[in-house]
Amino acid sequence: MDKENVIETKGVTKTYQSGEVKVHALHPVDLAVARGEFTAIAGPSGSGKTTLLNLISGLDTPSSGKVRLAGREIGAMSQSELSDFRRDHIGFIFQAYNLIPVLTVEENVEYVLLLRGVPPGERAERVKRILEEVGLSGKHGRFPSQLSGGQQQRVAIARAMVSGPDIILADEPTANLDSATGAALMDMMRGLNEGRGMTFLFSTHDRMIMEKSTRLIALKDGRIDSDTRRQR
Amino acid sequence: MLLLRMALRNLLRNRRRTLLTGLMMAGGFTFFSATLGLSDGTYGSIIDMFTRSRTGHAQIHAAGYLDRPSLYNSIKDLDRVERTLDGLKVVKAWAPRVYSPALAFAGSKTVGAQIMGIDPARERRAMRLESQLAEGSFIQDKPSDGVVISARLASALALKPGDEFSMIGQAADGSIANDNFRVAGVLSATESSFEGPWCLMHIDKAREFLALGREAHEIALVFTDYRKAEADAGLVAAALDDPKLDVEPWQVTQKEFYQAMRLDKKGGDISNLIIMGIVAVGVLNTILMAVLERTREYGVLKALGTRPAFIFGLIMSEVALLALISCAAGALASLALNHYLSVAGIPIPKPVSYGGVRFTRMLSAVTPLVFLRPAYTVLSAALLVGLFPALKAARITPVKALGSR
Ligand SMILES: Nc1ncnc2c1ncn2[C@@H]1O[C@H](COP(=O)(O)OP(=O)(O)OP(=O)(O)O)[C@@H](O)[C@H]1O
Ligand SMILES: [Mg+2]
């Protein structure tokens, strides 16, 4: 595989034990994502999008197969190594925003820099810049509950990007938003992707969002059904 | 610091619940503190009543006297001992005594008696002897043949104030001691610590009777603070620096009384333990509920790469913060309550009196320990029960937590 691939999965499977029955959520999946790609994972409900993203992020462990991120195999890492690896290399955007309610906009974004031990002066500088980029200047001191869904997701995007991770993983980042807001956010993410060269991997079942990707991977019943790259 | 800021804001999220738990802790603190103050105060009163009725907070004897009392084993260099005692700030008062057994006669009756020679002026400053008198008057400050006898001796010899009787004993020079005495007063039968056949007389009269020089068998000491009796007895011993002298606090000279007091105190400790248990269960419930509600948040924090130790610390800080604030509130409430109880006290339904002291109400003793022990107990109980939810949260697996709604 190409050295420039930031994400590689090899024969990754996931089988859930649901009571008596085994659910094969993912059949062997081989996937390679190159640095800077803006990839959408599409597929109907239950096709395995969330499962695949969780395996790639190391939040969940595959039943078999290997996941390599930024050149390192994450299956070999201990829990704390994995935790530190996520901190240093992955940015998360969740469907339900998942901001920390007791932290302000500014603090939510600053938090990941704190985890990384970035010095205070630089932290403030970077937080200020990214909040400007996601269009939230002036909302620094607000708490998440005082923001609209779209604004909260902007904070989440800022939080995911502020530390400059290699990979940004987003599970249905626009599913809780109306389509206009969702589309605007995707455009913004695409802009950041182009501007900073960060690799984006996001899932969606919204056709309009898929249209915005540079690569579209369609999942069906836990298998890759199609994988198309296109120019926009 | 981010950890403390998050902990504080988390506490403010569910204000009602936090307030309730805080009140519970503060209430437990106050209750604990008040019972401690009252029990310390009551024990203090009892110990004071007991020690000041005769034994004092500590006693000096010639080495070995306490185990084997003997007329000859006395404190010989009394002048030096007295000078040393006068030079010690912690010694509030002291009183020398001589003891000897004797035979007492009145009419056709004969009975064994115990002579105690005292210095009335010094005893007045240290002890409450006169108040134990039932009838008659106390021993004069000047040596005389007027003595005070216990109720038991009075009834054995059928004596009352004004009556005369004689005593025979063994004098220190080997001769037979023999003299006549006049009953000046009789001690109370129920409210006196002199239960045996006691005969109290002026110390110089006793010395003359027993052919003793300027010596004593015992010096009773009263300190400025009875609680420090053990340490102060050590101070006195160090100042005297004489291996031929024993200085022992009331805990040693009155072993049985001391043990009874300690047993009694244990009962109080157990009831406080139960209170703290209830508080602990309340805290546990609150924190567990909070952790359960925030499972998702902790999952997010972990997904972002937060170490379990930070989440553990976050919850422990929350518990500690709440406990500290509650303790501060509890301390303020306790200060007010204990102050009130130390002045007004709680009336005892059936007042008791002893040694002429009427004990009508329990008064609180306000010492630093009355606040420190509840603080220590509330804090450690809260932190202890916080451990379980904190560990639970630290161990959350992000996928499961993120799946929870
Ligand atoms: N924890 C679990 N236990 C048992 N089965 C599971 C579990 N998580 C997912 N599954 C099953 O695995 C399959 C894939 O689920 P997954 O959540 O990855 O789908 P998805 O594409 O994200 O769907 P959606 O669009 O609804 O989010 C489904 O059949 C689902 O029922
Ligand atoms: Mg999903």
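Run down A:183, A:175 and say which single residue is within 13 Å of ligand 1 (Cβ to nearest atom) and of a type outside the set (Val, Ile, Thr).
That would be A:175, the only listed residue that is within 13 Å of ligand 1 (Cβ to nearest atom) and of a type outside the set (Val, Ile, Thr).
For the structure I just gave you, tell me whether residue A:168 is within 11 Å of chain B (Cβ to nearest Cβ), surrounded by 19 or more Cβ atoms within 10 Å (Cβ to Cβ) and of a type outside the set (Gly, Ala, Ser).
no
Mind listing whichever residues of the stretch A:49-74 are within 13 Å of chain B (Cβ to nearest Cβ) and open to solvent by 50 Å² or more (accessible area, probe 1.4 Å)?
Answer for the stretch A:49-74, where residues must be within 13 Å of chain B (Cβ to nearest Cβ) and open to solvent by 50 Å² or more (accessible area, probe 1.4 Å): A:50, A:61.
Looking at the stretch A:29-76 only, could you name the residues that are more than 16 Å from ligand 2 (Cβ to nearest atom) and among the hydrophobic types (A, V, I, L, M, F, W, C)?
Correct list: A:31, A:32, A:33, A:34, A:38, A:67, A:69, A:70, A:74, A:76.
Name the residues in the stretch A:114-145 that are under 15 Å from residue A:160 (Cα atoms), within 12 Å of chain B (Cβ to nearest Cβ) and assigned to a helix (DSSP H, G or I), would you?
A:114, A:115, A:123
Okay, residues lined up against (1) surrounded by 14 or more Cβ atoms within 10 Å (Cβ to Cβ); (2) within 14 Å of chain A (Cβ to nearest Cβ); (3) over 30 Å from residue A:55 (Cβ atoms):
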{"residue": "B:359", "(1), (2), (3)": "yes, no, yes"}
{"residue": "B:363", "(1), (2), (3)": "yes, no, yes"}
{"residue": "B:366", "(1), (2), (3)": "yes, no, yes"}
{"residue": "B:372", "(1), (2), (3)": "no, no, yes"}
{"residue": "B:380", "(1), (2), (3)": "no, no, yes"}
{"residue": "B:386", "(1), (2), (3)": "yes, no, yes"}
{"residue": "B:392", "(1), (2), (3)": "yes, no, no"}
{"residue": "B:396", "(1), (2), (3)": "yes, yes, no"}
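Can you tell me how many residues in the stretch A:18-42 are within 8 Å of ligand 1 (Cβ to nearest atom) and open to solvent by less than 10 Å² (accessible area, probe 1.4 Å)?
So the count comes out to 1.
Taking the stated definitions as given, is residue B:328 part of a helix (DSSP H, G or I), in contact with a helix residue (DSSP H, G or I) (Cβ under 9 Å, 6 or more places away or on another chain), touching a residue at least 60 places away in the same chain (Cβ under 8 Å) and away from chain A (no Cβ under 14 Å)?
no
Can you pull out the residues in the stretch B:1-37 that are within 14 Å of chain A (Cβ to nearest Cβ) and crowded, with 19+ Cβ neighbours inside 10 Å?
Hits for the stretch B:1-37 are B:6, B:7, B:10, B:11, B:18.
Enumerate the strands (runs of 3 or more DSSP E) found wholly within the stretch B:131-248, keeping only those where 2 or more residues are loosely packed, with under 15 Cβ neighbours inside 10 Å and of a type in the set (S, T, N, Q).
Here the list reads B:176-187.
Which of the residues belonging to the stretch A:75-112 are surrounded by fewer than 19 Cβ atoms within 10 Å (Cβ to Cβ) and more than 10 Å from chain B (Cβ to nearest Cβ)?
A:75, A:76, A:77, A:78, A:81
For the stretch A:176-225: of the residues being in contact (Cβ under 8 Å) with a residue 60 or more places away in the chain, of a type in the set (A, V, I, L, M) and out of contact with any helix residue (DSSP H, G or I) (no Cβ under 8 Å at 6 or more places or on another chain), which is least open to solvent (accessible area, probe 1.4 Å)?
Looking at the filtered set, the residue picked out is A:217.
Within the bounds of the stretch A:5-17, is there any residue that is more than 18 Å from the chain's Cα centre (by Cα), at positive phi, more than 9 Å from chain B (Cβ to nearest Cβ) and more than 15 Å from ligand 1 (Cβ to nearest atom)?
Yes - at least one qualifying residue is present in the stretch A:5-17.
The values are calculated or read from the model by the stated rules, or taken from the named source; none is laboratory data. All of these numbers come straight from a predicted model, not from anything done at the bench. With ideal geometry, Cβ positions are generated from the backbone for all residues, glycine too; neighbour counts draw on all protein chains shown. All accessible areas refer to the heavy atoms of the entire protein, side chains included, with ligands and DNA or RNA removed. Shrake-Rupley method; radii C 1.70, N 1.55, O 1.52, S 1.80 Å.
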